[in-house]
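First comes the structure, then the notes that go with it.
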Amino acid sequence: MDDLKIINGAVYQNGDFYKTNVYIKDGKITAVSSEDRPTKDTYDAANAMVLPGFIDPHVHFSLDVGGHTTADDFASGSRTAAFGGVTTFVDFLDPTSNARDLKEAFEKRRKLSESSTLDYKLHATMKNPEGPLEKYVTTMRELGLDTLKVFTTYSESGRRTQDIAIKRLLELTKSHGFLLLAHIENDDLITLKDSFTHEDLTKSRPSESETVEALKLADFVKTTGGRLYMVHMSSGHTLKALKHRHSDILNSRFFVESCPQYLLFTRDCLHKKNGHLYTFAPPLRSGMERHYLQKHFEAIHTIGTDHAPFMKKEKEKAHLKDIPLGIGSIEHTFNVLYHRFGKALIDKMTLNPAKRMGLFPKKGILQKGSDADIAIVKSRDPYHINANHSACDYSLYTGLEVSTTIVSTLSRGRFILKDGQFIKQKGQFIKGEGIDD
């Protein structure tokens, strides 16, 4: 006998909705069927959408940026994520240069992550590598990590990885079953001045720096035959340029992630009275660049949040150099983007990140044998966001109009949010088994 069946919902499968039931036993989906099977318990979805649990491939819980730590740790971050229908996330290790330090960073992060309510994976993060790159990669894989992030900028803090190393890492993706992630901005086009205020953020990190570097790295992907995942694309100009020059590898070998902030806000927000709260990197872009992102939404492969909130008082600084860059988004991402893009959003938060992050078919899909990770989402009359379950004391999404609400969230068949009430559970670290597609 099954443990639970979800009835009367519109179940999302293969890009469409079906009036059918979802049956769950021992944390797995045993059937998606309209037949009436005996179960111990029943949950009435009451015509809500029954979706695969959302996967956030890009979060920063308990992130120390030198004098500041993100407001959400793994406990509060996973809690607010559950209110957003998220059932799995991928966080990052601290940046390291060699295999020895990588092991230490892994143990540190695993200890911090023990309080997570949700299942999670971890990205290795490299800075200014020292020693054999292949040794770093083999150590990473031994630790159960199959994604690796590099930076093409931040030379001032020693985080940049040079082109020659990036090319070699792309070659290694083919033989070691991992995916290379990159924060993509051209370091030479970035200007840092102590006198800059938050209003100068786009002057400091211009749109051109992203576009030029993205095209260069796409060329590297072609020449090496490797795989690369671009995190937090900010500019529609970049997306247009990639579609024009690299359509043959876009989202087949060069994958594009963007974030809700770039699809919703523009650089004009930096000049508002509370403009210092809109500071993150890459920064917000022009209205035209946002328009192009929205227009070419189909070419965005995944949605990540880059969730990294800091408290208001930490943002209220006279100079840009003293402001920690980052915002919180994880709770509201689905609602604010579904209101604007509808069904086209779903795979970008479920199936696609599951495949890219080495989680498919265990996660990202509602089918027999997959984990019973489920978001139950109810459509309603438009309303304005006023709730925020993050430990941060503000949200940029407060006041935005949306037309859905996350009713319940299940992780491996267990409710972590049931009819709006949070139920603490114990998440699991998911060991990477390799990414080859």
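Only one of these is more than 20 Å from LEU325 (Cβ to Cβ), among the polar types (S, T, N, Q) and either touching a strand residue (DSSP E or B) at 6+ places or on another chain (Cβ under 7 Å) or not assigned by TED's automatic domain parsing to the domain that holds GLY144 (or both): ASN98, ASN14. Name it. Write out each step before concluding.
Numbers: ASN98 fails: either touching a strand residue (DSSP E or B) at 6+ places or on another chain (Cβ under 7 Å) or not assigned by TED's automatic domain parsing to the domain that holds GLY144 (or both).
Exactly one of ASN98, ASN14 is more than 20 Å from LEU325 (Cβ to Cβ), among the polar types (S, T, N, Q) and either touching a strand residue (DSSP E or B) at 6+ places or on another chain (Cβ under 7 Å) or not assigned by TED's automatic domain parsing to the domain that holds GLY144 (or both), namely ASN14.
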> Is it true that some residue in segment 137-152 is over 25 Å from ALA354 (Cα atoms) and either without any contact (Cβ under 8 Å) to a residue 60 or more places away in the chain or part of a helix (DSSP H, G or I) (or both)?
Replying inline: no
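Given the criterion over 28 Å from GLY85 (Cβ atoms) and without any contact (Cβ under 8 Å) to a residue 24 or more places away in the chain, identify the matching residue among LYS272, LYS240. Explain how you work it out, then say what you get.
Details: LYS240 fails: without any contact (Cβ under 8 Å) to a residue 24 or more places away in the chain.
That would be LYS272, the only listed residue that is over 28 Å from GLY85 (Cβ atoms) and without any contact (Cβ under 8 Å) to a residue 24 or more places away in the chain.
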>> Just the residues that are surrounded by fewer than 21 Cβ atoms within 10 Å (Cβ to Cβ) and in contact with a strand residue (DSSP E or B) (Cβ under 8 Å, 6 or more places away or on another chain), please, taken from segment 114-132.
In response: LYS127, ASN128
>> Restricting to segment 397-415, name every residue that is buried (at least 17 other Cβ atoms within 10 Å of the Cβ), in contact with a strand residue (DSSP E or B) (Cβ under 6 Å, 6 or more places away or on another chain) and outside any strand (DSSP E or B).
In response: ARG412, GLY413
> In segment 58-72, how many residues are surrounded by fewer than 24 Cβ atoms within 10 Å (Cβ to Cβ), under 16 Å from the mean Cα position of the chain (by Cα) and either modelled with pLDDT under 95 or of a type outside the set (Ser, Thr, Tyr) (or both)?
Replying inline: 2
> Residues that are of a type in the set (A, V, I, L, M, F, W, C) and modelled with pLDDT of 95 or more: which helices (runs of 4 or more DSSP H) entirely in segment 221-312 hold 3 or more of them?
Replying inline: 236-246
>> Just to check your reading of the model, which residue among LEU217, LEU172 is surrounded by 16 or more Cβ atoms within 10 Å (Cβ to Cβ), in the same structural domain as PHE106 (by TED's automatic domain parsing) and within 21 Å of the chain's Cα centre (by Cα)?
In response: LEU217
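The values are calculated or read from the model by the stated rules, or taken from the named source; none is laboratory data. This structure is a prediction, so every number in the text was calculated from the model and none was measured. Heads up, the Cβs are rebuilt from the backbone with ideal geometry, glycines too, and the neighbour counts pull from every protein chain shown.
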